[in-house]
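Only the coordinates and a few stated rules stand behind these numbers; no lab work does. Owing to the predicted nature of the structure, the values given are computational and were not obtained by experimental measurement. A quick note on method: Cβ atoms are made from the backbone with ideal geometry, for glycine too, and the neighbour counts reach across all protein chains shown.
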Amino acid sequence: MAPPPDGQSPDGSPAFQELSKAGVNFMRSGPVGSNWTPQYLKEEEHLLDVAAKYQMHAAPWLKELADFPASAGVKETKLKELINALKNYPALGVWKGADEPEWGKLPPENVKRVYDIIKSLDPNHPIWIVQAPRGTVQSLAAYNPTYDITGTDIYPVGYPPGGHSLLPNKEISMVGDYAQRMREVTGGKKPFWMTLQIAWSGVAGKGKTLRFPTFAQERFMTYQAIINGARGLIYFGGNLPQTFNERDAKLGWNWTFWESVLRPVVEEIGAHGPLAQAMLAPDSNLPVRVNGQGIEFVVRETPQALFILACDRDPVNTAQVKFTGLPSSLGDGQVLFEEPRTVKATNGSFEDWFGPYEVHVYRFAR
């Protein structure tokens, strides 16, 4: 959830302008704390107008209209009215469908009914379904016919660590585990997005100790999600009032976290950053290998450069690793965001050091 569309950033500039300038191009929208009403529809239309002004898109959450049985005629009518009201807005990006339907035990056929209704009225926008970090590959795959884009939310940072997951791994590298699982759920046939942490009920709820990811943690989780197949990233919790300091409470959003943690991450991977084209490129088929235990990576190619995004999920050890299988024509490569550091590829290979949860991004010019 983004700041209020008419809100301001701490320096007095329009809130959406600040996000867009950094490279944010997407936000979740729709009612908060209520179902869809005529007033919320007006607010959504206004948000879409402001988003378009700053070249951003939105994903209205269908909320109570995201699933219903065949007998729910009133909900079906209301859903159709909502779709028809918003489908032609330039800033509409996707429809956000049922939230965590597998965990909520929503019948897949009810969610599919909504999918079919939307497609009959609006074939031009995808439908996005977010799952909880629960269930099995088989139980999650039952929802494959109900979406165009899926994904999961996972929030590792809190006291005690890893409480959002039921899996044995309680480290921040669980982000990669859940990304791999969503890739398995889709069979590589549909894209998935990962919803990552600003804050959540496990740190901002009653009786909980407030804790945010550090820049290093957020950066690692971001790149690990991308490396393991995520094609979109959502950061959840910037709108939770219980996380606001005095200044942010007046502005209606967690600008403190944005300034210290999230903006620097977005400036690396966002729409205006040096990785923008690499983010859109398909994974390369080059036979690149790495000999380091715990190193995860993905290779992306653009007409201008070859990129390697790599991270180390090992929480303890520091080691020198070797990448091989690169084109023999490559020479010096930039280590982006660590300038002026470089690596030198010789005969299609190079070496570098990785510490615990470290991320390196390499760019080799054509």
If I take every Cα pair under 8 Å that is 6 or more residues apart in the stretch 268-366, average their sequence separation and divide by the length, what percent do I get for the relative contact order?
28 percent
Please compute the Cα-Cα pair-distance distribution of the chain with 10 Å bins starting at 0, giving whole percents from short to long.
5, 23, 32, 26, 12, 3, 0
What FRET efficiency comes out for the pair residue 52/residue 81, r = Cβ-Cβ distance, R0 = 30 Å, nearest 0.05?
0.90
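Would you work out the relative contact order for the chain, in percent, from Cα pairs under 8 angstrom that are 6 or more residues apart? Please report the intermediate quantities before stating the final value.
Values: 716 pairs, mean separation 44.2, N = 366.
With pairs under 8 Å counted, the relative contact order is 12 percent.
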Order of 220, 244 - criterion: other Cβ atoms within 10 Å of each residue's Cβ, fewest first
244, 220
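Quick one: Kirkwood hydrodynamic radius for the stretch 224-366, alpha-carbon pairs, angstrom, one decimal?
On the way: mean 1/r = 0.0596 Å⁻¹.
The answer is 16.8 Å.
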Placing +1 on the Cβ of each Lys and Arg and -1 on the Cβ of each Asp and Glu in the stretch 223-366, which of 328, 353, 310 has its Cα farthest towards the positive end of the resulting dipole?
328
Counting residues in the stretch 289-365 as N, plug N into 2.2 N^0.38 Å and put the Cα Rg over that result.
1.03
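Sort 298, 266, 32 by Cβ crowding within 10 Å, fewest neighbours at the top. Let's see the in-between values first.
Working: 298 18, 266 22, 32 12.
Ordered from fewest to most neighbouring Cβ atoms within 10 Å, 298, 266, 32 come out as 32, 298, 266.
Pairs to check: 96/190; 105/189; 75/190; 78/119. Give those whose C-alpha atoms are more than 19 Å from each other in this structure. The partial results should precede the final answer.
Numbers: 96/190 16 Å; 105/189 24 Å; 75/190 28 Å; 78/119 15 Å.
The answer is 105/189; 75/190.
Relative to the compact-globule scaling 2.2 N^0.38 Å, provide the ratio for the alpha-carbon radius of gyration of the stretch 37-164. Spell out each step's value before the answer.
Details: Rg = 15.7 Å, N = 128, 2.2 N^0.38 = 13.9 Å.
Normalised Cα radius of gyration, the stretch 37-164: 1.13.
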Given H placed on each backbone N at 1.01 Å, which residues far from residue 197 in sequence or on other chains put an amide H within less than 5 Å of it?
236
Using a 10 Å cut-off around each Cβ, can you sort 210, 65 from fewest to most neighbouring Cβ atoms?
210, 65
